[in-house]
Amino acid sequence: MESSAPRRPLTGPAIQIDSHLDAGGERSLADDVLDGLTRPFKELPPKHFYDARGAQLFDQICDLPEYYQTRAERAILEESAEEIAELTGAVELVELGSGTAAKTRVLLDALEAAGTLERYIPVDVTESMVRDCAAELIEEYPGLRVHGVIGDFERHLHHIPPAAGPRIVAFLGGTIGNFPPGSRRRVLREIARLLGPSDFLLMGTDLVKDASVLEAAYNDAQGVTAEFNRNVLRVLNRELEADFDPADFDHVALFDREHEWIEMRLRARRELNVLVRQLDLPVHFAAGEELRTEISAKFTPVRVEGDLAAAGLELVRWLTDPEEQFALTLSARSQR
């Protein structure tokens, strides 16, 4: 995956789907559980939230009145998509963690209107979602080719096909905030390797704001986020034959002012002993002990520029909503 690789003309069928999740995908979950549940402070990476049920619940979260992020990001896209299309001249859009591509259509519309759109490359772990989305998109955008990559963007970026012309790599939804600073910069360096001299990264970041607004977004009154959080225990039960009872855990979300990130946790309501059968792993929880399931870092312009610079990228555009709740940044490989 060299950024200087020659551009290749597009040929072949309208839809191509490559899957790179095999037994290694299962080992990734097992490894994360073995590592995370044997630490003094237990934790799991948030990527394991997103089975079919988790994806459904997250879609519901995005419509909640407390969850401003999706609305703010979409508003920025609607306001700026035409400018982004004109500035980039992109013929293809690569989307990391594509999901249902709901917001992505705003960008696809702008690229189609500019007359440059040729290919969409969704990267996601849920194959059925990518296939369904691909079928919809080739009907909505005549002549569009879709090359889906089923994989984990932490491990499978090198499977993304070479660019056929100027490309935008979209990393939306504030997902970059799920990584602590060191991992965040490593992920950005990997993404930067996808970019040639005429390519751009379009990244969404949630911005630092009043703690009450942030905590409300992760503690909705309807309890959807709590159900989403507990769903990871059902994933472990199904995939690794664990015997968690989700009702034994309370959902906790709090703003860490020192690190300026939200933490989501599951807190044991009583002393518990759980067995993860496939790993032959007994796990003890003291009453009140917590399992961290997500961090969601919040950003300032200085923090975003610092992370981009550490990955060899430089800011081209800073785009935000009128309330400055969320930001989209367009960046390119540094010319220095």
*Going by alpha carbons, how many degrees (0 to 90, nearest 10) lie between the helix axis of 181-192 and the longest principal axis of the chain?*
30 degrees
*Value of relative contact order over the chain, rounded to a whole percent, pairs C-alpha under 8 Å and six or more apart*: 22 percent
*Name all residues of segment 127-163 having a backbone nitrogen under 13 Å from the label point set 7 Å from the Cα of Ser198 along its Cα→Cβ direction, giving them as ranges.*
163
*So what's the gap between the Cα centers of segment 256-294 and segment 169-215, to the nearest angstrom?*
26 Å
*Cα gyration tensor of segment 71-144, axes a ≥ b ≥ c as square roots of the eigenvalues: rounded (a/c below 1.5), prolate (a/b > b/c) or oblate?*
oblate
*Determine ³J(HN,Hα), in whole Hz, for all residues of segment 119-133 in sequence, where each value follows from phi through the Karplus function 6.51 cos²θ - 1.76 cosθ + 1.60 and θ = phi - 60°; x replaces Gly and Pro.*
8, 10, 10, x, 10, 7, 8, 9, 5, 4, 5, 5, 5, 4, 5
*asked:* Quick check: residue separation of Ile15 and Arg277 times 0.36 nm, minus the Cα distance between them. What number comes out in nm?
replied: 90.4 nm
*Equivalent ellipsoid dimensions for the chain as semi-axes, Å, which come from the Cα gyration tensor, largest first*: 34, 23, 18
_Per-residue HN-Hα couplings for segment 319-327 [Karplus 6.51, -1.76, 1.60; θ = phi - 60°; Hz; x = Gly/Pro]_ = 10, 9, 7, x, 7, 6, 8, 9, 9
*Convert 20 °C to kelvin, take the viscosity as 1.002 mPa s, use the Kirkwood radius over C-alpha pairs of segment 148-277 as Rh, and evaluate the Stokes-Einstein diffusion coefficient in µm²/s, rounded to a whole number.*
120 µm²/s
*asked:* Contact order normalised by length for segment 185-336, with contacts defined as Cα pairs under 8 Å and 6 or more residues apart; what percent is it?
replied: 30 percent
*Quote the Stokes-Einstein diffusion coefficient, in whole µm² s⁻¹, for segment 108-188, based on the Kirkwood radius over alpha carbon pairs, a temperature of 37 °C and a viscosity of 0.692 mPa s.*
231 µm²/s
*Starting from the amide H of Phe179, placed 1.01 Å from N in the peptide plane, find each other amide H under 5 Å away whose residue is 5 or more places distant or on another chain.*
Ala297
*asked:* Run the reach check for Lys103 against lysines, Cα to Cα strictly under 29 Å, same-chain hits fewer than 8 apart removed. What comes back?
replied: Lys47, Lys209, Lys298
*Search the structure for amide H atoms under 5 Å from the amide H of Ala164, placed 1.01 Å from N in the peptide plane, and list their residues when 5 or more places away or on another chain.*
Arg8
*Label-point separation, Glu323 to His284 (7 Å along Cα→Cβ), nm*: 4.6 nm
_For Ile15, distant residues with modelled amide H under 5 Å away_ = Val146
*Select from segment 212-267 those GluC sites (Glu not before Pro) which occupy a DSSP coil region and have at most 13 other Cβ atoms within 10 Å, ordered by residue number.*
Glu241, Glu258
*Enter the angle in degrees (range 0 to 90, nearest 10) between the Cα long axis of helix 301-310 and the first principal axis of the Cα atoms of the chain, meaning the one along which they spread out most.*
80 degrees
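The numbers here are math on the coordinates, done by the rules we state, and not lab data. In this text, all values refer to a predicted model and were calculated from it rather than measured experimentally. Glycine also receives a Cβ, built like all others from the backbone with ideal geometry; neighbour counts cover every protein chain displayed.
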